[in-house]
Structures are given as C-alpha cells and as structure tokens.
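Student: One structure, pasted below without further comment.
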C-alpha cells in the first residue's frame, strides 16, 4: 500500500523531484521500493487518485525509476519462479530416483552382508577343522618320534648282535684255518 504523508518533516523527507520538504499538510506519497518521498503534484498524481491510494491495501505506488526497475524485477521474478518450479519438479524426480537407487543399494548390501556372514561361518568351521587336524597331526608326529626312537634302539641292539655275530664268524674262520693247519701238520707228522 502506498504510504501517504503523516507526521513531522525530516531532512531526508524532501521531494526527490523538486527537492522541497514534503509537509504534513501537503499531498505526498512514498515509493514502496526506494522509500523516497514525492509531492503528489510533482509526480502528476491527481487528488482523487491520491485519496484512493490510501484506501486500497493491495494498490501499490512506485516512483518512475523504481517502476521501470520493478517491471524488470517482475519479469525476472516470473522467470525465476518458473525456474524454481522446474527445479522443484526436478528435485522431486531426482528424489524418487535416489530413493529407488538407495533401496536397491540397501537390498544389495543386505545380500552382501548375508554372504559375508555365510563366509564367516564357513571360515570358522574350516578353522575348527584345521585345529582338530593340527592336533591329530601333532599326536601322530609324537607317536612317530617314539616309534623312531624305539627303532633306533632296536637297530643299535641289532648292530651289536651283528658285530658279535661277525666276530664269532671271524673267530670260527680263524679256528677253522688253525684246525686246517693242524691237520696238515698232523698229516705231515704221520708221513714222516
């Protein structure tokens, strides 16, 4: 709504056309964009129009400079409003697409988590089996070590017996050789 002159005159409330003060008893209007004051006569507003400006709430008045800029501003606002509408539409479409993709990602994540949990279970089972197998192998290795110790002992006894046996054989062979020599002597003795 266009402001009409009320109250005291200030230095800043001079008419921007004639540069004279806009007094309480004078017909003055204030631009709703730049807030500058003007005498109604300086901006060619008839008295009957001036009276209507103060009565209608949604009737606006702009000075000539602001009116020119206001038209440009309204055009820009209209274009901006159209762009905002398009952007809001795009945002809604993108939100729907993002929601769909997010839902797919969540499903894939759930599926992957199930697979990971399944693999974790399998790995735990394999680790248990390996532990059992390791225990069994350790037990078998211990048994084999005992077996080899016993085998070494038996081989030592066998070697000893074999040495004794070889010693007896040599002694027998020597004895047989001596016996043969004795027989030969005996034969010579008998001949002689």
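The values are calculated or read from the model by the stated rules, or taken from the named source; none is laboratory data. All values derive from a computational prediction rather than experimental measurement. Please note: Cβ atoms are built from the backbone with ideal geometry, for glycine as well, and neighbour counts cover all protein chains shown.
Student: Does segment 62-78 contain at least one residue that is surrounded by 11 or more Cβ atoms within 10 Å (Cβ to Cβ) and not in a helix (DSSP H, G or I)?
Tutor: The answer is yes; a qualifying residue exists.
Student: Looking at (1) at pLDDT 95 or above; (2) surrounded by fewer than 10 Cβ atoms within 10 Å (Cβ to Cβ), which is the one condition that is false for residue 119?
Tutor: Among (1) at pLDDT 95 or above; (2) surrounded by fewer than 10 Cβ atoms within 10 Å (Cβ to Cβ), residue 119 violates only (2).
Student: Taking segment 1-25, which residues are out of contact with any helix residue (DSSP H, G or I) (no Cβ under 6 Å at 6 or more places or on another chain), surrounded by 12 or more Cβ atoms within 10 Å (Cβ to Cβ), modelled with pLDDT under 90 and more than 17 Å from residue 67 (Cβ to Cβ)?
Tutor: 5, 9, 13, 23
Student: Sticking with this one: Among (1) assigned to a helix (DSSP H, G or I); (2) at pLDDT 90 or above, there is one condition residue 42 misses while meeting the rest; what is its number?
Tutor: Unmet condition: (1).
Student: Please verify whether residue 189 is exposed (fewer than 10 other Cβ atoms within 10 Å of the Cβ), free of Cβ contacts under 8 Å to residues at least 24 places away in the same chain and in a helix (DSSP H, G or I), treating the condition exactly as stated.
Tutor: Considered against the rule, which asks whether it is exposed (fewer than 10 other Cβ atoms within 10 Å of the Cβ), free of Cβ contacts under 8 Å to residues at least 24 places away in the same chain and in a helix (DSSP H, G or I), residue 189 comes out as yes.
Student: Being surrounded by 10 or more Cβ atoms within 10 Å (Cβ to Cβ) and part of a helix (DSSP H, G or I) is the requirement here; does residue 163 meet it? Even if it seems obvious, please write down each step before you answer.
Tutor: Values: surrounded by 10 or more Cβ atoms within 10 Å (Cβ to Cβ): yes; part of a helix (DSSP H, G or I): yes.
Against the criterion (surrounded by 10 or more Cβ atoms within 10 Å (Cβ to Cβ) and part of a helix (DSSP H, G or I)), residue 163 qualifies.
Student: Let me ask another. Go through segment 45-60 and report how many residues are within 60 Å of the chain's Cα centre (by Cα) and modelled with pLDDT of 90 or more.
Tutor: So the count comes out to 0.
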